């Protein structure tokens, strides 16, 4: 299903926010060293149900209380938000019209939304993305698997040096089984 991240919005506990707007297609983020460019990928990974928080410690983590993504998926916008690790990492997932403006997102938006465990949010996100395909068996001796949001995240964030090489898309995965799962699930992600 066609999707892209429209914005990354980070809130502190007082409701002050920092927004990084993004566009459909390839986004190139540049800037001085130690300004948080790499942290953006880690924030996205964390909001997409990572089992741990790998956002580099520093100004961003000192500021943050709630991380959020606004994603366009199909014909709607979805708000995916997660409390920082120190505040339990619980999540929110809600649907809005496609033209939802990231500037309108405030911390109070979440006060009437149900708080989700990471596992619940992951299932909801996978459902909206169409990752409920369960016939991913490629070998006769394997049991059926479903496409996974966590594997999709690995596919989405390829190293910048690989973007120009159509032959190297999956070579960097050190875990053989993770690499195999992502290759097997590639047709679902690429749709």
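The numbers here are math on the coordinates, done by the rules we state, and not lab data. Because the structure is a prediction, the values reported are computed rather than measured. Neighbour counts run over all protein chains shown; Cβ positions are idealised from the backbone, glycine included.
What pairs come out if I take residues in the stretch 18-40 that are farther than 28 Å from residue 74 by Cα and pair them with residues that are part of a loop (DSSP other than H, G, I, E, B) whose C-beta lies under 9 Å away, six or more apart or interchain?
Close Cβ pairs satisfying both conditions: 34/58; 36/56; 36/58.
Filter the stretch 54-71 down to the residues that are more than 22 Å from residue 114 (Cβ to Cβ) and surrounded by fewer than 21 Cβ atoms within 10 Å (Cβ to Cβ) and list them by number. Reasoning before the result, please.
Applying the first criterion (more than 22 Å from residue 114 (Cβ to Cβ)) to the stretch 54-71 yields 54-63.
54, 56, 57, 58, 59, 60, 61, 62, 63, listed by residue number.
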